[in-house]
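Just below is one structure, and these are the notes that go with it.
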Amino acid sequence: MKPDLFTAVMKTIGSTQDENIRTAIDSALDTLNEKANQNAEATINNALEAFSKAKSAHTENMLKLNDIDAAITRSEKERQNALNESAEAEQNW
C-alpha cells in the first residue's frame with residue numbers, strides 16, 4: 001500500500017476512535033513518515049554523491065580532451081610551418 005493511501009486510511013479510521021487511539025495512530029504515522037523521509041534523504045544523498053563523482057570524472061576527462069585538442073592544433077600548425085619552410089627552401093635552391 002502506498003504511504004499516502006495508508007496515511008489517509010489510518011486517519012479515516014482514527015477519526016472514528018477515541019483520543020488515545022487517535023494519538024497512537026498519529027504517532028505511528030509520524031514514525032512511518034519519518035522513516036520514509038530518512039530513506040528518501042539517504043537515496044537523494046547517494047544520488048548526489050554519485051552525480052558529484054560522475055561530474056568530477058567528466059570534468060577530468062574534458063580537461064584531458066582539451067589538452068589533446070590543443071596538442072593536435074599545435075601539431076597541425078607546426079606541420080604547416082614545416083611544409084611552408086620546406087616549400088620556401090625548395091624555391092631558394
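Of the residues Met1, Met10, which single one is outside any helix (DSSP H, G or I), of a type outside the set (S, T, N, Q) and at pLDDT below 85?
Numbers: Met10 fails: outside any helix (DSSP H, G or I).
Sole residue among the options that is outside any helix (DSSP H, G or I), of a type outside the set (S, T, N, Q) and at pLDDT below 85: Met1.
Condition check ((1) closer than 30 Å to Thr12 by Cα; (2) loosely packed, with under 10 Cβ neighbours inside 10 Å) across all residues:
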position	(1), (2)
Leu29	yes, no
Ala36	yes, no
Glu41	yes, no
Asn45	no, no
Phe51	no, no
Asn61	no, no
Ala71	no, no
Lys77	no, no
Asn92	no, yes
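The values are calculated or read from the model by the stated rules, or taken from the named source; none is laboratory data. Source: prediction; values computed, not measured. We place every Cβ from the backbone using ideal geometry, glycine too, and count neighbours over all the protein chains shown.
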